[in-house]
Amino acid sequence: MTKTINIGMLGCGFMGRTHSNAYSQVNHFFELEHRPVLKACYGREQDLEVLKKFQKMWGYESIETDWQKMIARDDIDLIDVVAPNFLHHDMVIAAANAGKMIVCEKPLAMSMAEAEAMVAAVEKAGVANMVMFNYRRVPAISLFKQLVDEGRVGKAFHYRATYNQDYTINQKVPAGGAALWRLDAKVAGSGVTGDLLAHSIDTAEWINGPIQKVVAHTEIFIKERMHAETGKMEPITIDDACMFLAVFANGSIGTFESTRYARGRKNFSSMELNGENGAVYFNLEEPEYLQFFRYADPDTGKKIEDHLTGWQRILVTNGEHPYMDKYWVPGTTIGYEHTFINAIADFFRGFEGGPKYKPDFRAAMRTQKVCDAVIRSAKEGTWVGIES
Ligand code: SOE
């Protein structure tokens, strides 16, 4: 018999929508023992109208304007944290102490110190936990990892990641408030490093193993913006752009670039790995494609490149491809929202006897560690080592 899991959603913005959609859809595509129920959603008192609209659109049974009350409710089994970053720590610790399962949007925390306390709290409470690094569950990115694990790239030399957007170029874009809290350091912690590069780092380490050291440069292009809530001009202290070099434990070297000032780029996340036997490339503007260059046989290492060799553009929609047997027929694509559905399905399977969901809080703490090292390196202007 299907068991219900009552969801308490802490937040009603963009990520609140992606996560709510995942809970609503997951049982339509995956056979699971559990069925999530959208029990209650939280928003601030001053955002009551937004909260009510959110409740109506997603079909939540009730609302709360006090997140502590939500966590204390006996009829809530799982707390989903999609509030701005500065609240993650307190919400997670309270939810763990109340014995709830926890889903937390990335980045896990504002700093390693916060992340360590959060990991200790969920592990002490023994509650199921996961961090929403949804891009691992893009079928083409999962296939990227599969090709690497199958030895088709061989010895890795170069990893190259970008995550570029352009929505802050206009000086008149304010900082702060419900829509633009990502530009407010007190609320977001860091800029593109925690918001965008965290995704790139998570997938890079998942695919190519741990990063051992980094050297970074960050830039703030517009030094002052009007704060959306106070109406006053305030200094901007988050990183608008960040570039860093990385050395991986497997001996390969990497470049990472992220900015919100790349005119024309909206959500351009790309990654490429070049190795001895082959290379793989993905970009999120064409999410259904994976590109693969085959040079040598993965078993023998013998060259197979010939006059027909070239980059192969794989349309990742076949039943043999990761997750795709759960959706439509070959040639029909899925989208951004399905990456969250796939993640929630994997999380549930993890406590239904399937493989444990990754990244859980402990695994996601690695990304926090690399992000902290990147910010420190940019401040100090030196290489910073990252312990394993
Ligand atoms: C920022 O614009 C953002 O919404 C990130 O916060 C998300 O994690 C990313 O998936 C899309 O871009």
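Please treat every number below as a calculation from the coordinates, not as lab data. All of these numbers come straight from a predicted model, not from anything done at the bench. Because the Cβ atoms are built from the backbone with ideal geometry, glycine has one as well, and the counts that use them run over all protein chains shown.
For this structure, a couple of remarks:
- Length gained on full extension, residue 62 to residue 266, computed as 0.36 nm times the residue gap minus the Cα-Cα distance: 70.0 nm.
- 32 Å Cα-Cα threshold exceeded, pairs from 106/302; 56/326; 145/369; 266/369: 106/302
- Residue order, fewest to most surrounding Cβ atoms within 10 angstrom, among 377, 388: 388, 377
- Inter-probe distance in nm under a simple model that places probes 7 Å from Cα toward Cβ, at residue 172 and residue 297: 6.4
- For the stretch 142-178, the list of trypsin sites (Lys or Arg not before Pro) that fall in a loop by DSSP and count at most 12 other C-beta atoms within 10 angstrom reads 155, 172.
- In sequence order, calculated HN-Hα J values of the stretch 313-321 (Karplus, 6.51, -1.76, 1.60; Hz; x Gly/Pro): 9, 8, 7, 7, 9, 7, x, 6, 7
- Here's the picture: a label point sits 7 Å out from the Cα of residue 276 along the beta-carbon direction, and within the stretch 136-175 the residues with their amide nitrogen under 14 Å of it are 151-158.
- A P(r) calculated from all alpha carbon pairs of the stretch 3-134, with 10 Å bins opening at zero, reads 13, 47, 33, 7 percent.
- Using C-alpha pairs under 8 Å with a sequence gap of at least 6, the mean separation divided by the residue count of the chain gives a relative contact order of 19 percent.
- Added length on full extension, which subtracts the Cα-Cα distance from 0.36 nm per residue, residue 315 to residue 90: 76.7 nm
- Across the stretch 3-134, the mean sequence separation of Cα contacts (distance under 8 Å, 6 or more residues apart), normalised by length, yields a relative contact order of 24 percent.
- Evaluated over the Cα positions of the stretch 136-385, the convex hull gives a direction-averaged projected area, one quarter of its surface, of 15.6 nm².
- Computed FRET value (nearest 0.05) for residue 33 with residue 245, which takes r as the C-beta separation and R₀ as 56 Å: 0.80
- Against the rule of thumb 2.2 N^0.38 Å, how large the Cα Rg of the stretch 86-153 comes out: 1.40
- DSSP assigns beta bridges within the chain; of those with both partners inside it, close to 60 percent run antiparallel.
- In this simple spin-label approximation, residue 255 and residue 325 carry label points 7 Å from Cα along the Cα→Cβ vector, and these lie 4.0 nm apart.
- Under-5 Å amide H pairs with residue 261, H placed in peptide plane, nonlocal only: 165
- Straightening the chain between residue 112 and residue 24 buys 28.4 nm, computed as 0.36 nm per residue apart minus the Cα-Cα spacing.
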